[in-house]
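The values are calculated or read from the model by the stated rules, or taken from the named source; none is laboratory data. Nothing here was measured: the structure is a model prediction, and the numbers come from that model. Every residue, glycine among them, receives a Cβ derived from its backbone with ideal geometry; neighbour counts consider all protein chains shown.
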Amino acid sequence: MQFNLSSPEPEHLLFVVQEAFVVEGRGIILTPGFLREGAPLSTLAGTKLRLHRPNGSDLIVNAFDEALGLNLQNPYFPVFVRGLSKDEAPPGTEVWCTLPSE
């Protein structure tokens with residue numbers, strides 16, 4: 001799935017969480033992330049994301065632009081979300097980009 005802020009849809013699926021990693025005292029990193037092709041990391045900072053979890057519940061969060069020690073060989077940008085535990089975004093969680101309505 002390619003990250004696309006110019007999508008005409010108010011919401012679109014970025015990716016499905018395969019694994020979340022804890023950054024102690026800060027939040028979690030959701031992987032694999034979205035395809036980096038044509039998507040500067042700063043574009044995602046502050047974007048509202050809807051996490052649709054496997055149990056059917058939704059959680060609205062903000063994405064943050066953090067230095068994650070990105071591997072430039074990796075074609076994906078992982079997503080950093082502050083203040084969540086790993087259990088709040090289990091594998092299978094859908095990460096949706098929520099754009100403001102015009």
List the residue pairs whose Cβ atoms are under 9 Å apart, where the first residue sits in the range 43-56 and is loosely packed, with under 12 Cβ neighbours inside 10 Å, the second is assigned to a loop (DSSP other than H, G, I, E, B) and modelled with pLDDT under 70, and the two are 6 or more positions apart or on different chains. G46/D65
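Going through the range 66-95 one residue at a time, which ones are among the β-branched types (V, I, T) and at pLDDT 85 or above? Spell out the reasoning first.
So in the range 66-95, the residues among the β-branched types (V, I, T) come out as 79, 81, 93, 95.
V81, T93, V95, listed by residue number.
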Of the residues in the range 28-65, those that are modelled with pLDDT under 75 and among the charged types (D, E, K, R) come to R36, E37, D65
Condition check for G25: modelled with pLDDT of 80 or more, in a loop (DSSP other than H, G, I, E, B) and out of contact with any Leu (no Cβ under 6 Å at 6 or more places or on another chain): yes
